[in-house]
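A.B. asks: Sharing a structure with you now.
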Amino acid sequence: MLRLVLPKGSLEKATFDLFAEADLAVSRSSSVDYRASIDDPRIDAVRILRPQEIPLYVADGLFDIGITGRDWIEERGSEVTSLGTLQYSKATANPIRVVLAVPADSAVSSVADLAASATGAGGALRVSTEYPELTRRYLRQHGVAAEVSLSYGATEAKVPDIADCVVEITETGRALRAAGLKIVETLLVSHTELIANPAAAADPKKRHAMQQLLTLLQGSLEARGKVLVKLNVAADQLDGVIEVLPSLRSPTVSELFGRGGFAVETVVPKSQINVLIPELRDRGATDIIELALSKIVH
């Protein structure tokens, strides 16, 4: 039913890991194969291509759905339907930022200061970036004359000899700081998105299948870093246990057979479990069980 395109490159491993967690494991003959398959009746074909190209191909109808970043959707100006964000990136759950950076010792502190720092022909600012269209639109909106050059990599190394500033992506800013640059503006905050061809998304059967896939993917992301805790507790100690339980919504509390106390279960952050379980035991909880979660669907 659906033709799916997934990103190759820096997002590739994180995307494949997410699909595996969502019970949509991607199979291919080798790590360099651009064709793949997913054992799911809703997915007919899978291709693996550069995320820069995916918005164009989905917009043109070569694929029904795809995964790429909001940065490339904006750069390409493609007419696609966003089905929802997926809170993951190549290394973290944080979005990437498309930022403008200048030398750390520069007097420039905002886009308004840029014109005065220009050294290009006719006083135009020299900018190097992998996002030339996004950059041109942003600088034009702020009245900055610029010579925008497409960068094929190592963008941060082009200041000051080749460029006055760069527009680059970052998750933490560490690489830019290591290159002797400082961030002065954020052009865009970019999450990974599941996008669809507008005509395919308008088809009721395809749209339903798309939403089902999105439910699996978002449910897997929601479960990351969380565990299910189950325990028993006497009636006179229940309030003390509930008091220390962090909860996704509210704990589920059920009376045990024979009025022997209560069974309690709730979802909690995995990062808190090393402190939480001893505290629960101190407050009278027994038979404490910690269970891994694969999906949480609201």
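The values are calculated or read from the model by the stated rules, or taken from the named source; none is laboratory data. These numbers come from a predicted model, not from an experiment. Don't worry about glycine lacking a Cβ; one is built from the backbone with ideal geometry, like all the others, and counts go over all protein chains shown.
A.B. asks: Spot the failing condition for residue 215; the list is (1) outside the structural domain of residue 51 (by TED's automatic domain parsing); (2) of a type in the set (Ser, Thr, Tyr); (3) modelled with pLDDT of 95 or more, and only one is missed.
C.D. replies: Among (1) outside the structural domain of residue 51 (by TED's automatic domain parsing); (2) of a type in the set (Ser, Thr, Tyr); (3) modelled with pLDDT of 95 or more, residue 215 violates only (1).
A.B. asks: Let me ask another. Considering only residues that are assigned to a loop (DSSP other than H, G, I, E, B) and surrounded by 14 or more Cβ atoms within 10 Å (Cβ to Cβ), look in region 143-159 and name the one that is nearest to the chain's Cα centre (by Cα).
C.D. replies: Applying the filter and picking the extreme gives 151.
A.B. asks: In this structure, does residue 79 turn out to be modelled with pLDDT of 95 or more, surrounded by 15 or more Cβ atoms within 10 Å (Cβ to Cβ) and on the phi < 0 side of the Ramachandran plot?
C.D. replies: Values: modelled with pLDDT of 95 or more: yes; surrounded by 15 or more Cβ atoms within 10 Å (Cβ to Cβ): no; on the phi < 0 side of the Ramachandran plot: yes.
So residue 79 does not fit the description; no.
A.B. asks: Check every one of the strands (runs of 3 or more DSSP E) wholly within region 168-243 and list those with 1 or more residues that are under 30 Å from residue 156 (Cα atoms).
C.D. replies: Correct list: 181-190, 192-196.
A.B. asks: Any residue at all in region 271-286 that is assigned to a loop (DSSP other than H, G, I, E, B), at pLDDT 95 or above and on the phi > 0 side of the Ramachandran plot?
C.D. replies: Kept after step one, since they are assigned to a loop (DSSP other than H, G, I, E, B), are these residues of region 271-286: 283-285.
Still in the running and at pLDDT 95 or above: 283-285.
Filter again for on the phi > 0 side of the Ramachandran plot, leaving 284.
Yes, that holds for at least one residue.
A.B. asks: From the list 93, 101, which one is modelled with pLDDT under 95 and among the hydrophobic types (A, V, I, L, M, F, W, C)? Quick ask: steps written out before the conclusion?
C.D. replies: On the way: 101 fails: modelled with pLDDT under 95.
Result: 93 is the single residue among 93, 101 that is modelled with pLDDT under 95 and among the hydrophobic types (A, V, I, L, M, F, W, C).
A.B. asks: A further question follows. Is there a residue in region 63-75 that is outside the structural domain of residue 130 (by TED's automatic domain parsing), surrounded by fewer than 20 Cβ atoms within 10 Å (Cβ to Cβ) and of a type in the set (Phe, Trp, Tyr)? Full working, then the answer.
C.D. replies: Going residue by residue through region 63-75, those that are outside the structural domain of residue 130 (by TED's automatic domain parsing) are 63-75.
Then drop every residue that is not surrounded by fewer than 20 Cβ atoms within 10 Å (Cβ to Cβ), which leaves 74.
Of the ones still in play, those that are also of a type in the set (Phe, Trp, Tyr) are none.
The answer is no, given that none of the residues of region 63-75 is outside the structural domain of residue 130 (by TED's automatic domain parsing), surrounded by fewer than 20 Cβ atoms within 10 Å (Cβ to Cβ) and of a type in the set (Phe, Trp, Tyr).
A.B. asks: May I pose another question? Provide a single number: the residues in region 254-266 that are modelled with pLDDT under 95 and among the aliphatic types (A, V, I, L, M).
C.D. replies: The total comes to 1.
A.B. asks: Additional query: Could you say which residue among 180, 173 is touching a strand residue (DSSP E or B) at 6+ places or on another chain (Cβ under 8 Å), modelled with pLDDT of 90 or more and on the phi > 0 side of the Ramachandran plot?
C.D. replies: Working: 173 fails: modelled with pLDDT of 90 or more.
Criteria check complete, one pass: 180.
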